[in-house]
Amino acid sequence: MSTLQAWAQTHGKAVMAGPMPAYAKPVGHSRVPLDVLGGPVASILRSALAPRRFEPWNPYNEHRLYPSPRAAWLVDVEIGGWTVDPVRDLLVGGTALPGGPVVLDLRTHPGRLPAGYADLATGLSFLEAGHLAAALAECAAATGWAAVSSWVDGRLRVALNPAGAADPAYAARVRAPRSSGIGPRGLHSTSGPLPAPVTAALLAAIAEPPAGSPSAWPVPVRHVLAAPDEVAAAFSYPPSQVRVDTMGLAWVMTAPVADAVAAGHDYAELLIAAGAAAQHVGSVAATLGLFCRPARSVKEAPIEAAVGASPAEDFLYLLLIGVSPVRDFAYDLSEVSP
């Protein structure tokens, strides 16, 4: 991907309102239960992919372990020619049953967002792919397996292998209740600035990611903790919908995009790594009773100035972290999902 293609997904974007494309569930005459992959692998896929909760006041109600813009679920997981259908707990559309090493292909589908997202949809789909790859790595660690993620020839793959004992710390992250932070009156936090020990725990999430997470890829993603009121001016949603100034913490990711592309990295690698880091921060935040809301709806120049980005750096991702005033109204689907 060229630098110009990369910038087309960020600078100067104008997201236009429009209807969601019709949802197309995985299709194929061949359908087999997810359990044909074996208990541990099926468990990892269910934990990462199955619906977790339903928020009735949220315009995009369904939520999983990782976020997706408009709950459009822009990434499919494929294995051996089969597509995982996490809602129906099936593998769909393949021929021979999967066997041998477990290698997952994560395929992006930016066209599932409204046409008004234009080139930004591609960038959002790679961020979501990073979230999902990181979620798979956490679920693998929680099950006693290890993930190995790779980006080769424009394809994101995650291999799963047995690794020994399950890690209870990651099991706690996977089980922790999530919240999008959105309530009947929009998105805001009641936390005030986060205590130093909480911030330290969030920072540790990216310093020590689980095995095989794209967060550990050798790409130049920079993390900056910013004051929410400094970031608020760069946010494109009005305060009536999102009160950025009330957040406990604003977490900004930047990267020298042009330099990275010139050095042979793909812009998608930067986005995948940023999405993976965001997933790990969000998982730890959930164990602390916090929401972690990812966002790209910002004006890039003001937010880059707010975090002191160098002229070579470009904005990648923003996380808004805080305490939701609403904790009781979501329907927990974890007990009814397969």
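Values in this text are rule-based calculations from the coordinates and carry no lab data. Just so it is clear, the structure is predicted and the values come from calculations on it, not from any experiment. Cβ: placed from backbone, ideal geometry, glycine included. Neighbour counts: every protein chain shown.
Tabulated data for the structure shown
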{"item": "Efficiency of FRET between ALA200 and ALA165 - r from beta-carbon atoms, R0 25 angstrom, step 0.05", "result": "0.40"}
{"item": "Of every Cα-Cα pair in the stretch 105-243, the percent that sits beyond 25 Å", "result": "45 percent"}
{"item": "Contour excess over end-to-end distance, with Cα ends at LEU97 and MET20 and 0.36 nm allotted per residue", "result": "24.3 nm"}
{"item": "Ratio Rg/Rh [Cα only; Rh per Kirkwood] for the stretch 242-320", "result": "1.00"}
{"item": "Peptides 38-46, 244-252 ordered by average Cβ neighbours within 10 Å, highest first", "result": "244-252, 38-46"}
{"item": "Rounded Å value of the spacing that divides the Cα centres of the stretch 114-134 and the stretch 189-256", "result": "19 Å"}
{"item": "Reciprocal mean inverse distance between Cα atoms of the stretch 185-338 - Kirkwood radius, Å", "result": "16.3 Å"}
{"item": "Mean Cβ count within 10 Å, highest first, over the residues of peptides 160-170, 98-108, 74-84", "result": "74-84, 98-108, 160-170"}
{"item": "Per-q log10 I(q)/I(0), the stretch 172-269, q = 0.18 Å⁻¹ (Debye; single scatterer per alpha-carbon; no solvent)", "result": "-1.09"}
{"item": "Kirkwood-based Rg to Rh ratio, the stretch 224-284, C-alpha trace", "result": "1.07"}
{"item": "Dipole magnitude of the chain, debye to nearest 20 (Cβ charges: Lys/Arg +1, Asp/Glu -1, about Cα centre)", "result": "680 debye"}
{"item": "Theoretical FRET efficiency, 1/(1+(r/R0)^6), r = Cβ-Cβ of ARG88 and ALA115, R0 41 Å, to 0.05", "result": "0.90"}
{"item": "At q = 0.08, 0.12 Å⁻¹, base-10 log of I(q)/I(0) for the chain (Debye sum, equal scatterers on each alpha carbon)", "result": "-0.35, -0.82"}
{"item": "Highest to lowest packing among 198-207, 138-147, 282-291, scored as the average C-beta count within 10 Å", "result": "138-147, 282-291, 198-207"}
{"item": "Shape of the stretch 62-142, Cα gyration tensor, a/c cut at 1.5", "result": "prolate"}
{"item": "Theoretical gain in end-to-end length, ALA262 to GLU208 [0.36 nm per residue, Cα-Cα removed]", "result": "16.6 nm"}
